[in-house]
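The values are calculated or read from the model by the stated rules, or taken from the named source; none is laboratory data. As the structure is a computational prediction, the values presented were derived from the model and not from experiment. No Cβ is skipped: glycine too gets one built from the backbone with ideal geometry, and neighbour counts run over all protein chains shown. Remember, those area values only see protein heavy atoms, side chains included, never the ligands or the DNA or RNA. Shrake-Rupley method; radii C 1.70, N 1.55, O 1.52, S 1.80 Å.
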Amino acid sequence: MKRIKLNSKILLMSLALSVPAALLSSSYTEETQMSFWKSVKNYMVYGTAKRGESESEIVYTIYNGERHINPVHVTMQVLLEAELLLSDYLNIDLAPYGVPKETEVTITGVADFLMNHYETELIGGKEVVRLGYHFDYPIYDLKAPWYSGMAQGHATIVLLAAYLITNDEAYLDFAKKAVAILGIQTTSGGAMIPLDDGTVWFEEYADPLKDISESPRVLNGHVFAVDGLFFYWMITKDTGVRMLLEKGILGVDRNIHRYDAGFWSYYGLKGNFAHIGYHKLHVKQLLRLKYYADYLRISDYRKLQKYSKVFVDNLDLAPLGYIQRMIFQRNNLVYIIFSTNFMFWFFVFVVALGFLGARNASLKS
């Protein structure tokens, strides 16, 4: 009877200790575990762990068992390399988002793919190139074709880098047509949303058939579009692009408080939280925007100053942010990671406490 009571105490103590241990370990190991669980999810849903297949410069993304071209995935193969090339050429001290991976895919190869795959269109009498997504995206209720300011920004950077490498004006002309989409409203087929405060937002998930009030206004996607505008202005000194660039930077400054979740940041304005990778990206992007603002001598950006520090401080409060996401998050991955860690710690504590209990009992006897 005494042994049964001892086992009950071990179980209760293990339960009590496993909850905080699981919260701590989940918040600080989320990024590592997420890659594993995403691979599992992709395999179960799409039949492939990577959810994509590559053929030279083309990256096919799997949706509903079919292969589709995702322009962001195509350009991201060489995006970091292209940014570093542009930064070195322009002699600007811009912190990179990461380190380029070794790949046989080239900047000019991706740029050529874009030029060969996407056609010039006329919108409002202006020649543009839209990198359309030709598959539905149920998460935001998007029907093909839809467009992305993020894709246009990425493509602009790759095309500019190809221009520097080859000095071929065709790449620069195509970049001009790609960046032009950021100056056209989503309702007219572009990727820009005019805001009431006189600034603008570049939509990552732009659907010309949707009212702008339905826009998710994803933070990272907007900043990636701003990146494209910045590099294009640096190369061309286009005054119209500079005006749009400043409005895009101030669009974040005037609205960044809406992405503050308390102990974490929001991915967009649909109430969905950023996971750890996106939160870290937000920190880097706000620092970039501060750099752009200083470079352009924009003085009135107080919120950017404030929230870049707030988002950095939130990384030190990761467990609280994780608890917040467990309560309000729509993504079940946070529960899966927590449950996995909880089971691990419960097993550890049961074994450890059981060993200590048995050891104490033997010493008494």
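Condition check for Asn91 on (1) crowded, with 16+ Cβ neighbours inside 10 Å; (2) on the phi > 0 side of the Ramachandran plot; (3) modelled with pLDDT of 80 or more: one failure, at (1). The test for being buried (at least 20 other Cβ atoms within 10 Å of the Cβ), under 22 Å from Ile139 (Cβ atoms) and not hydroxyl-bearing (Ser, Thr, Tyr) holds for Gly268. In the set Gly268, Gly277, only one residue is under 15 Å from the mean Cα position of the chain (by Cα), assigned to a loop (DSSP other than H, G, I, E, B) and over 19 Å from Leu229 (Cα atoms); that residue is Gly268. Examine segment 176-183 for a residue that is open to solvent by less than 20 Å² (accessible area, probe 1.4 Å) and among the charged types (D, E, K, R), and state whether such a residue exists. No: zero hits. Criterion applied to Thr120, Thr61, Thr75 was being polar (S, T, N, Q) and surrounded by fewer than 18 Cβ atoms within 10 Å (Cβ to Cβ), and the one residue passing it is Thr120.
How many residues does segment 129-177 hold that are assigned to a helix (DSSP H, G or I), farther than 28 Å from Ser215 by Cα and free of Cβ contacts under 8 Å to residues at least 24 places away in the same chain? Qualifying residue count, segment 129-177: 2. Scanning for something touching a Lys or Arg at 6+ places or on another chain (Cβ under 7 Å) and open to solvent by 10 Å² or more (accessible area, probe 1.4 Å), does segment 224-234 turn up at least one residue? Within segment 224-234, one or more residues are touching a Lys or Arg at 6+ places or on another chain (Cβ under 7 Å) and open to solvent by 10 Å² or more (accessible area, probe 1.4 Å).
Scanning segment 97-115 for residues that are farther than 22 Å from Trp146 by Cβ and in a helix (DSSP H, G or I) returns Ile107, Thr108, Gly109, Ala111, Asp112.
Counting only helices (runs of 4 or more DSSP H) that sit completely within segment 289-365, those holding 1 or more residues that are open to solvent by less than 80 Å² (accessible area, probe 1.4 Å) and more than 30 Å from Asp197 (Cβ to Cβ) correspond to 318-328, 333-364.
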